[in-house]
Amino acid sequence: MAVGAGVLISSVAFELMEEAYREGGFDSPAIGLLLGALLYFAVDRAHGVARCLSERPWPRTPGPHQPSGHPATGSPVDASV
């Protein structure tokens, strides 16, 4: 579903870019398209970082099955050490 939505959005964007090129030349539409892509990337990245920071437990406390100071990786080798 996401791939179909992405294809639809990109086809509309290319169609609009072609029309803008015919109407106003290359410079303005190209700059607008690049700035829009960079703005979208920056906002998406900032949202992802903010979401990761909000979901991360601060400060990290040991869970019920993890004694303090000992990492629990679940490996049989770790259990024998």
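Just to be sure before I move on: is R51 surrounded by 10 or more Cβ atoms within 10 Å (Cβ to Cβ), basic (K, R) and at pLDDT below 85 in the structure I sent? Spelling it out, R51 is indeed surrounded by 10 or more Cβ atoms within 10 Å (Cβ to Cβ), basic (K, R) and at pLDDT below 85. Just one of the listed residues (A72, A13) is modelled with pLDDT under 85, surrounded by 10 or more Cβ atoms within 10 Å (Cβ to Cβ), among the hydrophobic types (A, V, I, L, M, F, W, C) and outside any helix (DSSP H, G or I), and it is A72.
Here is a yes/no grid of residues against (1) surrounded by 10 or more Cβ atoms within 10 Å (Cβ to Cβ); (2) of a type outside the set (D, E, K, R); (3) at pLDDT 85 or above:
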{"position": "A2", "(1), (2), (3)": "no, yes, no"}
{"position": "G6", "(1), (2), (3)": "yes, yes, no"}
{"position": "M17", "(1), (2), (3)": "yes, yes, no"}
{"position": "I31", "(1), (2), (3)": "yes, yes, yes"}
{"position": "L38", "(1), (2), (3)": "yes, yes, yes"}
{"position": "A42", "(1), (2), (3)": "yes, yes, yes"}
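Every condition in (1) at pLDDT 60 or above; (2) part of a helix (DSSP H, G or I) is met by P57 except one, and the failing one is (2).
The values are calculated or read from the model by the stated rules, or taken from the named source; none is laboratory data. Given the structure is predicted, the values throughout are model-derived calculations rather than measurements. When we count neighbours, we look across all protein chains shown, and the Cβ atoms used for this are built from the backbone with ideal geometry, even at glycine.
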